[in-house]
Amino acid sequence: MTSGSDRRTFDAIIVGGGIVGAAAARALANEGLDVALFERNRLGFGASSRNIGFVFLHGRKGVSLDIARRNRLLLDTFYDEMGGDFEYRRNGGLVLCESQGQLSLIKEFVDARRRDGLNIEFIDRQSLLELAPDVHENVVGASFCSEDAQIGTATVVRALAGSAVRSGATVLEGYEVLEILTAGGRVTGISTAAGRFEAPIVVWATGPWHRMATSSGPLELPVKSMRNQLIATTPQLPRLKCVLYGAICLAAYTPLVKDLPSFSPDLFDRRETKAGECMMDAISQRSDGSYVFGGPVDDAGFSWEPDVDGVGRILRRFVRLFPGLSASGFKESWAGRIPYTSDNLPIIDRHPAATGLLVASGFSFGNSSALVAAEGLADLAMGRPKSALIAQLGIDRSTLTNDFSYSLG
């Protein structure tokens with residue numbers, strides 16, 4: 001999608017071509033700004049093309065739920081505007097109840113989430129089989145949230161970038177940004193291997209890459225990332241109606257369940273879980289029919305590669321939950337990165353290092369927040385006041401520290 005590569009001066013430059021950067025390019029272009037989006041590889045190359053595609057409100061609460069709900073509305077509107085030109089399924093989502101012992105906890109979880117205002121219910125096995133007909137016979141039911149959805153994130157990135165281009169933006173793939181240029185305390189542009197590009201506004205939206213060189217010295221955001229290992233089968237007949245998590249995901253959503261009367265770590269099957277990692281059991285079926293199964297989330301350095309042990313554990317858990325799919329062909333394995341902050345909320349703000357430097361980082365649930373982030377960045381770029389939602393995501397908030405303890409809630 002590279003276009004207009006002979007241009008050197010813009011009103012705003014976006015660094016990072018993932019879902020947040022592409023959404024920001026569209027939002028700023030729609031404001032009438034002359035925008036350039038720079039991606040060092042191809043659009044959606046990083047975390048955006050390597051996740052399972054969940055838009056999962058099931059596990060969101062407080063500010064993160066407000067963000068996710070607003071994002072769902074914006075995503076619905078964009079999908080309608082585009083005439084359905086990207087992968088988007090609005091069929092809800094499940095968390096499986098895999099044993100009688102988990103039944104009380106799942107029902108307490110549903111009641112608690114209802115009190116938070118979520119559209120959620122407990123469904124029995126018969127209703128579950130209408131949505132996920134291949135689950136193991138020991139699965140007795142599930143929580144079902146009608147607000148959950150599934151996207152093909154890479155297709156959304158391309159749709160957002162295409163919309164930005166139609167509004168006048170320039171998209172430059174294969175351009176690595178080496179440095180953000182500043183002078184006199186203000187942003188002046190960026191430096192790349194292809195030379196300098198000028199702009200008074202630069203949006204730093206590089207996902208898990210949280211360090212950046214600038215003219216006045218290196219900057220580092222209070223963001224870390226975890227590796228997420230996944231596998232995919234060959235295409236199968238379309239049977240799974242919505243996205244789902246295994247029950248063990250509740251152990252990762254600790255803030256949402258730890259105070260429930262029936263909660264105990266012993267309720268979950270941890271046979272394939274190592275110390276220091278979250279096991280997700282996240283399952284979806286793509287539009288081409290392939291099943292995607294996400295497993296261990298761990299701190300393996302800045303690695304984008306799966307390992308044999310992790311893939312083996314994913315396959316064993318997948319077959320345990322969906323024994324009828326054990327004969328499915330194995331297509332591929334890969335790893336993604338999940339950026340996160342100490343309070344599991346993104347950073348969307350002006351950076352104090354230089355006037356004109358805007359930050360959008362730390363998106364542990366980028367599929368459920370990118371369009372909200374773009375709205376906020378447009379307000380910042382145009383000098384408008386922050387919305388009440390974006391005001392809670394500042395870089396100087398007290399809950400943003402360097403004390404990282406990853407959980408999904």
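The values are calculated or read from the model by the stated rules, or taken from the named source; none is laboratory data. Nothing here was measured: the structure is a model prediction, and the numbers come from that model. Note that we place each Cβ from the backbone using ideal geometry, even for glycine, and neighbour counts take in every protein chain shown.
Structural remarks
- Taking the criterion of being part of a loop (DSSP other than H, G, I, E, B) and touching a Gly at 6+ places or on another chain (Cβ under 8 Å), the residues of the stretch 378-399 that qualify are K386, S387, L389.
- Any hit, the stretch 201-209, residues being of a type in the set (F, W, Y), under 21 Å from the mean Cα position of the chain (by Cα), modelled with pLDDT under 95 and not assigned by TED's automatic domain parsing to the domain that holds S99: yes
- Boolean, L37 is assigned by TED's automatic domain parsing to the domain that holds T170 and closer than 15 Å to G162 by Cα: yes
- Restricting attention to the stretch 304-329, the residues that are under 12 Å from G246 (Cβ atoms) and of a type in the set (D, E, K, R) total 2.
- I314 vs. criteria under 25 Å from N402 (Cβ atoms) and buried (at least 20 other Cβ atoms within 10 Å of the Cβ): no
- Test: residue in the stretch 227-241 that is buried (at least 22 other Cβ atoms within 10 Å of the Cβ), in the same structural domain as I314 (by TED's automatic domain parsing) and in a loop (DSSP other than H, G, I, E, B): yes
- Out of S163, S143, S167, sole residue that is hydroxyl-bearing (S, T, Y) and closer than 25 Å to L325 by Cα: S143
- Checking the stretch 361-373 against the condition returns no match, with no residue being modelled with pLDDT of 95 or more, outside the structural domain of L74 (by TED's automatic domain parsing) and in a strand (DSSP E or B).
- Elements of type helices (runs of 4 or more DSSP H) contained in the stretch 16-126, each with 1 or more residues being closer than 13 Å to E147 by Cα and either of a type outside the set (S, T, Y) or at pLDDT 95 or above (or both): 63-81, 103-115
- Filter result for Q126 (under 21 Å from R317 (Cβ atoms) and either polar (S, T, N, Q) or outside the structural domain of G289 (by TED's automatic domain parsing) (or both)): no
- Residue ID - surrounded by the most Cβ atoms within 10 Å (Cβ to Cβ), chosen from residues in the stretch 325-334 that are under 17 Å from A282 (Cα atoms) and modelled with pLDDT under 95: L325
- Within the stretch 154-193, the residues that satisfy the criterion of being assigned to a helix (DSSP H, G or I) and of a type in the set (S, T, N, Q) are T155, S163.
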